[in-house]
Each structure stands twice: as C-alpha cells, then as structure tokens.
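To start, the structure under review is shown below, and the notes come after it.
Bear in mind these aren't lab numbers, they're just calculated from the coordinates by the rules spelled out. Everything quoted here is computed from the prediction, not taken from an experiment. All Cβ positions, even for glycine, are placed from backbone atoms using ideal geometry, and neighbour counts span all protein chains on display.
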Amino acid sequence: MPSPTDIRKGKVIKYQGMPHLVLEMLHRTQGRQAGFVQTTLRNMDAGSTTTTKFRSTDNVEFMHTDNKRLEYSYVDPEGYHFMDVETFDDTILTVELVEEAKEFMVEGVEYDILFIDDVAMQVQLPASIDMEVVESPEAIRGDTASKVQKPVTTSSGLVVNVPLFIKFGDKIKVNTSDKSYQGRVNS
C-alpha cells in the first residue's frame, strides 16, 4: 500500500471510507520523532474540509481518478448536460454537483470534470472565463473619476463590476476565483 509521503495536492484518497480531495499537503518532521504528513482534505460527498495528520506508518488508499474535458451544453430539470466532443456522449451532472460553479457555466465552453471510479464528482473551473454582458446600465455623463465602475450582468447571471466603457453585448474575461473583471475580450 502507498505511504502518506505519496500524497500530493490534487490526488483523491479514501479517508474514513469516503473520497477526499487533497487541497494542501505538507511533510513535517519534529526533532527525533518520526515525520508526518499534514493535509487539508475536502470530502467529495459532503463538501466539508478537514485538516488531518498521517504518520509515516499509516496506510493510504488512493482512488482511481480521471479528468475528462467536456463541453457544457445546457441545463434542464435533469441537471447540467455536458457533451464529449469526440464521442458525442451526454453526461448529466446534478444541480448539487455544479452548485459552486454554476455562475461560470457558459454554453459551448469546455470544462474539466473530475471522475472518481467513473462517477462525475466535480467541475474544475479554469482560472478565467470569457462571458457575454447581457445587462449593462448606461454610464452617467460627467462620471469620469478614476476607476469608476458599474455592475453588469453576464449571460450566466453573474454580476461583475466593470469599467464604465463596457456595454451590452461586450465579451469580458472574469476571474473564477474572486469573480473580478480582468479585461475586455476582442471578438
């Protein structure tokens, strides 16, 4: 069996009978004592996060994972539909599974989906995503102080603060970690 020193960020291990994604990993030693691995794990079923120590004598069970790049098609009462662009197979993810990423779901964009033992478990968002502005208030004449921003609504319903020159129909790049405006996209 693999030892705790084989644990790496992004791997999935079975911990307390459930799949856990390794968010952080740090190998520590304390003087003459045996070393240990301190990890931050996210329970893939419950979504909770925990910090755990593994001694070098502990056994760790790694789960078989696979990342597939699937194109988002649409959402309906069944869930979010993703298509494999090579085989045209339809994969449906539940609303609960996509909950954290739903603001960044744009039709026709490919996303990495994490599969554990051939079951879809998580949508992995890119660092930024291009989105279309569908609602933008007009800038007020004379409102030209530096870095003045206005809220706009994107095609997914996400509200982003942008500079005054952004208007309806523009494409903007949005950071997926903090939902901030990164720039206008030339189409």
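Using a 10 angstrom cutoff on alpha carbons, build the Gaussian network for the chain and name the most mobile of R55, R42, R69. Maximum among the listed residues: R55.
Ranking M18, Q33, P163 by Cα position along the charge dipole of the chain, where only Lys, Arg, Asp and Glu carry charges on their C-beta atoms, puts Q33 farthest toward the positive end. Each label point was placed 7 Å from the Cα along the Cα-to-Cβ direction; for E61 and R184 their separation is 5.6 nm. Among G157, G108, G35, the residue with the largest mean-square fluctuation in a Gaussian network model of the chain, with springs joining Cα atoms closer than 10 Å, is G35. Only one residue of L93, L114, V60 has its Cα farthest out toward the positive end of the dipole of segment 38-151, where Lys and Arg carry +1 and Asp and Glu -1 on Cβ, and that residue is V60. The overall shape of the chain is oblate: from the C-alpha gyration tensor, with semi-axes ordered a ≥ b ≥ c, the ratio a/c is 1.5 or greater and a/b is no larger than b/c.
Charges were assigned to the Cβ only: +1 to each Lys and Arg, -1 to each Asp and Glu. The resulting dipole of segment 1-95 about its Cα centre is roughly 1040 debye. Name the most mobile residue of T52, T39, T176, meaning the one with the largest mean-square fluctuation, in a Gaussian network model of the chain with Cα contacts below 10 Å. Of the options given, T52 has the highest mean-square fluctuation.
Taking Cα centre as origin and charging only the Cβ of basic (Lys, Arg, +1) and acidic (Asp, Glu, -1) residues, the dipole magnitude of the chain rounds to 1380 debye.
Before rounding to the nearest 500, sum -39500 (n - 2.57) across all DSSP H runs of length at least 4 in the chain and divide by the residue total; then give [θ] at 222 nm in deg cm²/dmol. Please report the intermediate quantities before stating the final value.
Working: 1 runs with 4 residues, N = 187.
The helix-only estimate for the chain comes to -500 deg cm²/dmol at 222 nm.
The residues neighbouring L26, those whose beta-carbon lies less than 13 Å from its own, together hold a net charge of +3 under the Lys/Arg +1, Asp/Glu -1 convention.
Over the chain, calculate the relative contact order: mean separation of alpha carbon pairs under 8 Å at least 6 apart, over the residue count, as a percent.
Numbers: 385 pairs, mean separation 25.2, N = 187.
Once divided by the residue count of the chain, the mean separation gives 13 percent.
Checking the cross-link pairs K102/K179; K68/K179; K11/K68; K11/K53; K9/K102 against a 22 Å limit on the alpha carbon distance flags K68/K179; K9/K102 as lying beyond it. With both labels modelled 7 Å from their Cα along Cα-to-Cβ, the K147 to L23 distance reads 2.9 nm. Taking the alpha-carbon centroid of each part, what is the distance from segment 1-54 to segment 71-107 in angstrom? Cα centres, segment 1-54 to segment 71-107: 30 Å.
Could you please report the charge total around T176, scoring K, R as +1 and D, E as -1 over all other residues with beta-carbon less than 13 angstrom from its beta-carbon? Summing Lys/Arg as +1 and Asp/Glu as -1 gives -2.
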